[in-house]
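J.: The structure that follows is given in the form of structure tokens.
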Amino acid sequence: MSEELLYEDLTDKIIGACHEVFRILGGGFVEHIYQEALAIELTLRNIPYEKEKKLNVVYKGKMLERYYMADFVCYDKIIVELKSVDNLIPEHIGQVLNYLKASGLRLGLLI
């Protein structure tokens, strides 16, 4: 029995772009360097994206002044959050889950 993944073809394209950035740059750079390189790679691959997308938080029908900022939103439906760390921690996962909740989107990639 095979499970269908949400937006599988689109996520494959995004992950392929991320792999290419890491193949070229390797490890050791700060997040902003990878973010800029990924923007170039996404453009080269014709993957639509918004960089540093503002995600508003609403409380009881009122938009808060504070907001989240996702590294990328691709295809208007997939959040891409980059981390330049040795190990992901639960707070990183929580960050992406909060982004999903704030945006109403259904899929986030933590790279």
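J.: Residue check: is ILE79 of a type in the set (Val, Ile, Thr) and under 10 Å from the mean Cα position of the chain (by Cα)?
T.: yes
J.: Report, by residue number, each residue of segment 43-62 that is over 20 Å from VAL21 (Cβ atoms), surrounded by 11 or more Cβ atoms within 10 Å (Cβ to Cβ) and among the aliphatic types (A, V, I, L, M).
T.: LEU55, VAL57
J.: A follow-up question, please. Restricting to segment 86-111, count the residues that are open to solvent by 70 Å² or more (accessible area, probe 1.4 Å) and free of Cβ contacts under 8 Å to residues at least 24 places away in the same chain.
T.: So the count comes out to 9.
J.: OK, next. Among the residues that make up segment 43-61, is at least one of them in a helix (DSSP H, G or I) and free of Cβ contacts under 8 Å to residues at least 60 places away in the same chain?
T.: Residues of segment 43-61 in a helix (DSSP H, G or I): 43-44.
Going one step further and asking which of them are free of Cβ contacts under 8 Å to residues at least 60 places away in the same chain, we end up with 43-44.
There is at least one residue in segment 43-61 that is in a helix (DSSP H, G or I) and free of Cβ contacts under 8 Å to residues at least 60 places away in the same chain.
J.: Additional query: Restricting to segment 63-85, what's the tally of residues that are farther than 14 Å from ALA102 by Cβ and open to solvent by 80 Å² or more (accessible area, probe 1.4 Å)?
T.: 1
J.: Follow-up question, since we're still on this one. Please go through segment 18-40 and give me each residue that is open to solvent by 30 Å² or more (accessible area, probe 1.4 Å) and part of a helix (DSSP H, G or I), ordered by number.
T.: HIS19, GLU20, PHE22, ARG23, ILE24, LEU25, GLU31, HIS32, ILE33, TYR34, GLU36, ILE40
J.: Quick check, is ILE15 in a helix (DSSP H, G or I) and either of a type in the set (Val, Ile, Thr) or on the phi > 0 side of the Ramachandran plot (or both)?
T.: Values: in a helix (DSSP H, G or I): yes; either of a type in the set (Val, Ile, Thr) or on the phi > 0 side of the Ramachandran plot (or both): yes.
Taking the combined requirement at face value, the residue satisfies it.
J.: When you go through ILE93, ILE24, ILE33, ILE40 one by one, which is the residue that is closer than 18 Å to LEU107 by Cβ, modelled with pLDDT of 95 or more and not basic (Lys, Arg)? I'd like the intermediate steps shown before the answer.
T.: Working: ILE24 fails: closer than 18 Å to LEU107 by Cβ; ILE33 fails: closer than 18 Å to LEU107 by Cβ; ILE40 fails: closer than 18 Å to LEU107 by Cβ.
Result: ILE93 is the single residue among ILE93, ILE24, ILE33, ILE40 that is closer than 18 Å to LEU107 by Cβ, modelled with pLDDT of 95 or more and not basic (Lys, Arg).
J.: Would a scan of segment 88-100 turn up a residue that is among the small types (Gly, Ala, Ser) and more than 15 Å from the chain's Cα centre (by Cα)?
T.: Scanning segment 88-100, I find no residue that is among the small types (Gly, Ala, Ser) and more than 15 Å from the chain's Cα centre (by Cα), so the answer is no.
The values are calculated or read from the model by the stated rules, or taken from the named source; none is laboratory data. Worth saying up front: this structure is predicted, and the values here are computed from it rather than measured. Cβ: placed from backbone, ideal geometry, glycine included. Neighbour counts: every protein chain shown. Ligands, DNA and RNA are stripped out before the accessible areas are found, and what is left, the full protein with its side chains, is counted by its heavy atoms. Shrake-Rupley method; radii C 1.70, N 1.55, O 1.52, S 1.80 Å.
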